[in-house]
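Structure record follows, encoded as structure tokens.
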Amino acid sequence: MLDTLNASSVLEVLKPVQDPELRKSLVELNMIRNVKIEDGNVSFTLVLTTPACPLRQFIVEDCERAIKTLPGVNKIEVEVTAETPQQKSLPDRTGIAGVKNIVAVSSGKGGVGKSSVAVNVAVALAQAGAKVGLIDADIYGPNAPTMLGLEGVGVTVRQGAQGEIIEPAFNHGVKLVSMGFLIDKDQPVIWRGPMLNGVIRQFLYQVEWGELDYLIVDMPPGTGDAQLTMAQAVPMAGVVIVTTPQTVALLDSRRGLKMFQQLGVKVLGIVENMSYFIPPDMPDRHYDIFGSAGGEKTAKELNVPLLGCVPLEIPLREGGDSGVPIVAGNPDSASAKALRAIAEQIAAKVSIAALT
């Protein structure tokens, strides 16, 4: 045991403490900074790899236990901050200036709640302290403005040095760009592939995103032009596949998952949405309307993580319709807790990918 209390001895006892996800020493990762000693009081800054770290308290407690083995320690103060790592660049894909990580949320078929998951994950990350943007890449069915309480809001389009620049809308801590801002409410988008490819690239490169830790992309369902454009245009941190436990949804989700793998995009995991229904008058009861454990079984078969299961609750639908996502409007609900945990899992996996 070290017999002196100073900054060097504090760093020495903290060397064995590891980041549970990265499995490397906090000291070696430069996550322990600004160590100060004054009258037996030890203070330092713990710099996490994401503000949405699911193991934050666990890491703090591990540090405190290690420091308490030193003699003369009276009090320990830990300031927790975060620096989200930048995703690795790829030679054949163009990144977005200021955007650290791009995460797609996709599904094999429509109607599985992909947009609801994307919006709530984006808001949950913002609530944790991250800088977040959201691209509504579902050009034919842009619903994100309604879900974020931005329906009817216009966006400013101005002329820049390289062409038109779109200033994104903002609500619930999330910057948003969507085709819904650029067309009338009932106007259909009747486009072939090249036009869709063009507007998605515009949303990527001609939006004033500023500095973002995460840019979430709400993809249209299926395995078409939008998915190809995203996979081939930008270096993505990964994709999240959303499904329900229903066999038909799972079959389509497998195809979507395999498509991204073939395109060289990392699959961060599967989210099983509408896992079970919770009736509002009997919150202790669960009904498996769409089957059960389908997402877990598929994740095991395809050797990808199951990021979480989101129950179906009436407030979840109400939040999407009213423009107040459930993680903001009903944070103590079962579905909000599940969605926050999924956001934390996504953030952790993105950090691992960037640092390994």
Cα lying deepest toward the dipole's positive end in the range 102-355, options P142, G154, Q246, charges on Cβ: Q246
Take the Cα radius of gyration of the range 7-82 and divide it by 2.2 N^0.38 Å, with N its residue count; two decimals is plenty. 1.01
I need to check one value: relative contact order of the chain, counting alpha carbon pairs closer than 8 Å and at least 6 residues apart, in percent. 20
Sorting V240, V189 on the 10 Å Cβ count, fewest up front, what's the list? V189, V240
With 10 angstrom as the radius, rank V112, V153 by how many other C-beta atoms surround their C-beta, starting from the fewest. V153, V112
Which number do you get for Rg(Cα) / (2.2 N^0.38 Å) in the chain? 1.07
Amide N of the range 142-178 lying under 16 Å from the label point, which is placed 7 angstrom from the Cα of E208 along Cα→Cβ: 154-171, 175-178
Taking every DSSP beta bridge with both residues inside the range 7-82, roughly what % is antiparallel (nearest 5)? 45
Give me the base-10 log of I(q)/I(0) for the range 143-273 at each q in 0.10 Å⁻¹, Debye formula, one uniform scatterer per Cα, rounded to two decimals. -0.37
In percent, what relative contact order does the range 55-199 have, based on Cα pairs under 8 Å that are 6 or more apart in sequence? 17
So Q261 and F170, fully extended at 0.36 nm per residue minus their Cα-Cα distance, gain in nm 29.5 nm
Along the Cα→Cβ direction, 7 angstrom out, place labels at Y140 and T247. What is the inter-label distance in nm? 2.6
In a solvent-free Debye calculation with one equal scatterer on each Cα, what is log10 I(q)/I(0) for the range 1-155 at q = 0.12, 0.15, 0.20 Å⁻¹, listed in the order of the q values? -0.69, -0.87, -1.22
Of the listed peptides 121-134, 303-316, what is their order by residue-averaged count of other C-beta atoms within 10 Å, with the highest listed first? 121-134, 303-316
Counting only DSSP beta bridges fully inside the chain, the antiparallel percentage to nearest 5 is 30
Using Cβ counts within 10 Å as a stand-in for footprinting exposure, how do E272, E12, E301 rank, fewest first? E301, E12, E272
If you average 1/r over all unlike Cα pairs in the range 137-188 and invert the result, what Kirkwood radius do you get in angstrom? 11.7
D184-K15 pseudo-label distance in nm [points 7 Å out on the Cα-to-Cβ vector]: 7.1
Jot down the per residue volume, in cubic angstrom and as a whole number, of the convex hull over the alpha-carbon atoms of the range 1-44. 70
Distance (nanometres) between label positions extended 7 Å along Cα→Cβ at T356 and E79: 3.1
Rounded, prolate or oblate (a/c below 1.5 giving rounded, otherwise prolate when a/b exceeds b/c) for the range 236-356 by Cα gyration tensor: oblate
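Throughout, read-outs are computed from the coordinates displayed, never taken from laboratory work. Keep in mind it's a predicted model, so treat the numbers as computed, not measured. All Cβ positions, even for glycine, are placed from backbone atoms using ideal geometry, and neighbour counts span all protein chains on display.
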